[in-house]
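Scroll down for the structure; my scribbles are underneath it.
The values are calculated or read from the model by the stated rules, or taken from the named source; none is laboratory data. In this text, all values refer to a predicted model and were calculated from it rather than measured experimentally. Here the Cβ is made from the backbone with ideal geometry for all residues, glycine too, and neighbour counts use every protein chain on show. Quick note on the areas: whole protein, heavy atoms, side chains included, nothing else; ligands and nucleic acids left out. Shrake-Rupley method; radii C 1.70, N 1.55, O 1.52, S 1.80 Å.
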Amino acid sequence: MTRISALLVGGPTLHFTYAGLSILTDPTFDEPGVYPGGATLYKLAGPAVPASALGEIDVVLLSHEQHADNLDDSGRALLAVVPQVLTTIDSAERIAHATGLVPWQRHRVGDAVITAVPALHGPEGAEALSGDVTGFVLEADAHPTVYVSGDNASVDLVREIADRFPDIDIAVLFAGAANVGRFGDSDLTLNARTALEAAEVLGDAVIVPVHAEGWFHFSETRERLIGMFAHADRADRLQVLEPGERADIG
């Protein structure tokens, strides 16, 4: 089975090759800054590499566009030169030429089939404040099946996705326990504990954590997640990428 080549730009932004495609998740390429809003967000670190270092991008998989830690100003500008942007129905209404997908809707790009899968950006009922978000599953002949969680905090949804896709080989989990205080102690993304629970649900999948550094509201470090897996004797399940360094996954 073909391995995929991946580079962590920082935060939720991962570039990887798949079935002849150049794919990018949630583009964030701004330098450190402040993003006022309902909850002010503070970006602490710039991208490990500029967008120009990645070459042409064929597809952006965008969890959602309503929060700057998933699509900052430079990332939004990049979308204008990307042929295909897949996201939620709601986000597609605010992004020119984006394709909005509902959960379980399939979309073919070249030799790959990309399925939108459900995600919940916080506790049950969070949609009213956090908005709609999505994850993705990628499939192609002779390639690993890849799950990209997007900003999802629900292990129950991961279980539902694993039931439909029992052969997920690689899971890119947005972790970091994002929390702006909107739902008290309930996080907006997976934390170390729930990421471990999700890994158990996902069988033998290689777990690639992203969305775990670079923003002030990521309330847990990558080191905590690594430690959680190590203490549970699951360290072998993790493949932790260093920002700016390309690696093969699989």
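On full extension, the segment bounded by Arg182 and Trp104 gains 25.2 nm, given 0.36 nm per residue less the C-alpha separation.
Approximating the spin labels as points 7 Å out from Cα along Cα→Cβ, the Thr2-to-Ile89 distance works out to 3.3 nm. Once C-alpha pairs closer than 8 Å and six or more residues apart are averaged by separation and normalised to the residue number of segment 37-151, the relative contact order reads 19 percent. For the chain, the per residue solvent-accessible surface stands at 41 Å², with DNA, RNA and ligands left out and a 1.4 Å probe.
Mind jotting down a quarter of the surface of the convex hull over the alpha carbons of segment 66-162, in square nanometres, one decimal? All intermediate terms of the calculation are to be shown ahead of the outcome.
Numbers: hull surface 26.7 nm².
Hull-based average projected area comes out at 6.7 nm².
For segment 138-246, what does the equivalent ellipsoid look like in terms of its semi-axes, each the square root of 5 times an eigenvalue of the Cα gyration tensor, given largest first in whole Å?
Details: eigenvalues 96, 51, 36 Å².
The equivalent ellipsoid of segment 138-246 has semi-axes of 22, 16, 14 Å.
Computed over the alpha carbons of the chain, Rg followed by Dmax gives 16.2, 46 Å. Note: relative contact order over segment 106-211, using C-alpha pairs below 8 Å and six or more positions apart, is 24 percent. Taking the helices alone, the chain has a mean residue ellipticity at 222 nm of -4500 deg cm²/dmol, built from -39,500 (n - 2.57) per DSSP H run of at least 4 residues and averaged over all its residues.
Overall, the ratio between the Cα radius of gyration of segment 192-248 and 2.2 N^0.38 Å, rounded to two decimals, is 1.12.
Surface composition of segment 66-224: carbon plus sulfur atoms contribute 48% of the solvent-accessible area (1.4 Å probe, protein chains only, all chains present).
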